1. Could the peptides B:418-425, C:133-140, C:328-335 be put in order, highest first, of the mean number of other beta-carbon atoms found within 10 Å of their residues?
2. Return the long-range amide H neighbours of B:Ala48 (sequence gap of 5 or more, or a different chain), with a cut-off of under 5 Å between placed amide H atoms.
3. So, by mean Cβ neighbours within 10 angstrom, what's the order for B:226-233, B:121-128 with the highest one leading?
4. Once every Cα of chain A carries one equal point scatterer and solvent is ignored, give the base-10 log of I(q)/I(0) from the Debye formula at q = 0.14, 0.20, 0.22 Å⁻¹, two decimals.
5. I'd like the Karplus ³J(HN,Hα) series for segment A:11-19: coefficients 6.51, -1.76, 1.60, θ = phi - 60°, whole numbers in Hz, and an x wherever there's a Gly or Pro.
6. Please report, for the Cα atoms of segment B:339-433, the Rg to one decimal and the Dmax as a whole number; what are they, in angstrom?
7. What's the magnitude of the charge dipole for chain B around its Cα centre, counting Lys and Arg as +1 and Asp and Glu as -1 at the beta-carbon? Answer in Debye, nearest 20.
8. Give the peptides B:381-391, B:7-17, B:91-101 in descending order of average Cβ contacts within 10 Å, highest first.
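Here, each number is a calculation from the coordinates, and none is a lab measurement. Note that the structure is predicted; figures quoted are calculated from it, not measured. Reconstructed Cβ throughout: ideal geometry from the backbone, glycine too, with neighbour counts over all protein chains shown.
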Amino acid sequence: MPLTRQEVEHIAELAKLALSQEEIERFQEQLSAILDYAAVLQRLDTEAIPPTAQVIELKNVMRADEVSPSLPVEDVLGNAPSRRDSYFCVPPVIEVAP
Amino acid sequence: MPYRPTIGMEVHAQLLTRSKMFCGCSADYWAAPPNSQVCPVDLGLPGALPVINARAVEATVLTGLALNCEIASVTRFDRKNYPYPDLPKGYQISQYELPLCRNGWLEIEVDGERRRIRIRRVHLEEDTAKLTHVEGCSLLDFNRAGVPLMEIVSEPDMHSVDEVREYVTQLRSVLRYLGVNSGDMEKGAMRFEVNVSVAREGERGTKVEIKNLNSFRAVTRSLEYEIARQTRILERGGHVEQVTMGWDEDRELTFEQRSKEEAPDYRYFPDPDLPPLTLDPAWVDGLRARLPELPRAKAERYQREYGLSAYDAGVLTAERAVAEFFEAAVAAAPAGVDAKMISNWLTGELFRLMRARERSIEQVPITPRDLVALLEMVAAGRLTGASGKEVLEEMFVTGRPPAEVVAARGLAQISDEAALRPVVEKVLEENPGPLAELLAGKEPVLRFLMGQVMRATRGQANPQLAQRLLQEAAERRRRAS
Amino acid sequence: MELTSLTILEAGRLLRRGEVSAVELTESVLDRIVAVDNQVRAFLTLTPELALEQARAADERLTAARRSGEGDLPALLGIPMAVKDVLCTEGVPTTCGSRILEGFLPPYDATVVARLEQAGYVLLGKTNTDEFAMGSSTENSAYFPTRNPWDLSRVPGGSSGGSAAAVAAHEALGALGTDTGGSVRQPAALCGVVGLKPTYGRVSRYGLVAFASSLDQVGTLTRDVADSALLLSIIAGHDAQDSTCVDLPVPNYLEALSPEIAGLRIGVPEEYFGPGMDPGVEATVREALGQLEALGARLERVSLPHTSYALPVYYLIAPAEASSNLARYDGVKYGHAAPGADELWELYKRTRGEGFGAEVKRRIMLGTYALSAGYYDAFYLKAQKVRTLIRQDFDRAFEKVDVLAAPTSPTVAFPIGARVEDPLQMYLSDIYTLSLNLAGLCGISVPCGFADGLPVGLQILGRAFDEATILRVAYAYEQSTPWHTCHPSLSVGQGADPAGC
């Protein structure tokens, strides 16, 4: 079942990826091929099989509610592409105003 | 048939833990300088991994128990994927399929009618960073990111704004009783989302969500606005769109944020970084045993045991600290001072002082023992009511015990006949006119003479005794004449 | 003997005896890097100043210890090593082979890096990788492809191709890599070195930049098995910062090594000798199996019937997790930010569109699709269920045998560019390695000869937390064969020089 162009564009929107026209076409083709390949899984009856989300049988891994030191502010902001004083700075969202 | 609203609520409550949900940074972010309580985990740095705060799990289970929920035997965390700059990892660690608590209820009482509002689920997640919009840019502070956040979701069981107000008031009170949330809405410790549909009874309306409500007032005002808006549309024969609304605090109106078609696809899946939790029933029972008596149960007991009115019982139990003060006072009360008297003084005089000086009960320096010591003096007639209030006010300011204040101010009530009789005689001698009127049978003039006795004793005369002595003295004169 | 061709244990002995200084050793390795890395291109970042500083500190300690007679020195004191660039190193660039993390300086060390540091290692630099470890050839690095030291026109495998090539080309005595679907074992096989992928949960992932969190594991690349055992003893063990890292005692893997494998039951999974395999690889691996038998092991045919489903399962689960793990790269907190973006979503989309390469975008798209409304059950959940079947295959096999033995890769190193246009063909490179990650077990690839003059790897797969046994089998094999002593020619198209062994 090949993906439509609209589906590829919708996924790119969900993933917040700007794709070129050429990329959209290429992904449409390649993702369809991979998903076709993955369709082989549908042959297996897994009705009674529990899913594996994690392989190790750990449980109840928790820590005590204790405060440990934070990073120095300059380290927190050290990699910031854009900052104002001690804040990270992001461009505004253009949204429908009230 | 009239239209009526159907309302459900989602309440987000920050948990009062020391550290954050998944890292050791301090969760007490309110006064911290921007980005000063941040580490690789809550900043979402590449490679950082979360570790669950055990106290946050405990606080959520405690809440679930207080809300009569079933506690999950197996629970886990899922990733809720949505991009936004206040979400450092691009996903929020939350709970989707297996929340910690589900299927509970909270009882409310409106206009004398009791109702159970069903709780669908209580789950645990992490708070987002704080975004502040300034000219041309948004400022991001990650101190709040990762603070433990509990989400309490009700069923759409409420049908009036009054019920909603009562529900959130009760809920806040319960959370504060449990010590899991500060209830401080000005600091964003509780935040609300409502969903409301309007329809004729028996019909189904269209659900509209209102997000980002930060106070009880915003909840009730936005609901009133939205119910009126939907009713107006329906009355005109129109139909309500399924949308998500925001609330414009300044203009007091709802505005559309997102249509049904734009509903986000969160792509939930189990967080592979966090192994599941299995809650041992014995551990849950241990928590259950630690549950304090909750406000409604307490209020009912006060009415039953102490004969208090529903109103007074409600006022006394709304805050755990007030109830504890009241109960300590009742326990310390000597003969002659009953719970009713303590309730009256507490909810009347003490609350008036607290309101006037903007103090909470924790900030009042009066001990329950001192309060009842004061009330005993009043009850035994050693202090007038008026003097009692004066003493209470000084105790409120200085924290000194009542006996000390009474002695220093010379306020002890004169209940000694021998001491009071000469005063009465003197008043009568100095007021021949009123005395004559009294002897002529004009009883109202007694109040004037009482006032004179009080003035002469600077209010310390025992009023009952003074009145009896005045009447006796007048009687003697009548017989003598 | 060249200092650069020493194993970690050999170098450690020389350092302790004072026959060579850490500075001398580090300088020779740095010289070797200068001489050959313009051809091999194993490193993304070099840290020569830091390395010499660490070496000088090591020498001070070594000298003091010799004077005082102190014997208990940290195991890696003065050993120059390389670290794959998906592991965070405080203050040293960590790019994950991606433009989106260009210039990123982590303010913290990965737990494994901190443990190496505690053990006294010398950091030479950060090695090349397929972008975010997504690839099997190191060609998906956003910076440049690394070349195979045995034939510079071929790939070193991937994604830990930089680490494998650096160790093979004597540009480091050992290296850390990461293995999500074979990314340590496959390049080890293609470069003729030893690659160990520990059990999921054996080694902390804290500071390993996540690709697929339920599959990722830090591993080692070394010249011989004993060095792998040594490194594993250092990096393994509980870490309170990784909730999936188990709290089990760490054996002394080095002391547990023994060439004795008589009576050990070795399963040979028939599905691992299927179509698509180079005949030369098959012949070499079968010969290696014969050698194991000659050492007294009992070979048994076993079946892992769901093996053919591992590839589609992997290519649903890994991209799904990746699509979520890579959501944080948005141009706000660190790394690349699209210049001139004055609206939020424009910043997000352009940053990610510019910052990620083709393979990463492809997997983000695939994973986003597999998790999206309406497809979750058919793809993601289905894959998780089949993952259970794959785990059960191993459980059954390990009821009968102690370890499994199989080829690491179906082919030898392929020419650069041969598979870049065909993702599915590239994915097939990992067909014998990724089941192990899905089951969370441990595996090691050890050199077992050459096909067409290029190295072939023998893979030993073991039970969960039974690294000691796979190390023992690999060690017994290695010690009875000459392959670990072979050195690459660093030329184009020549393949191995058999005289190099």
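1. C:133-140, C:328-335, B:418-425
2. C:Gly207
3. My ranking of the peptides, most packed first, is B:121-128, B:226-233.
4. The computed values of log10 I(q)/I(0) come out as -0.99, -1.02, -1.12.
5. Computed from phi, the couplings for segment A:11-19 are 5, 4, 5, 4, 8, 6, 10, 7, 10 Hz.
6. Reported Rg and Dmax, both Å: 16.2, 54.
7. On the way: 63 positive and 71 negative charges, 227 e Å.
Here chain B has a charge dipole of around 1100 debye.
8. Values: B:381-391: 18.6, B:7-17: 22.6, B:91-101: 20.5.
The densest-packed peptide leads the list: B:7-17, B:91-101, B:381-391.
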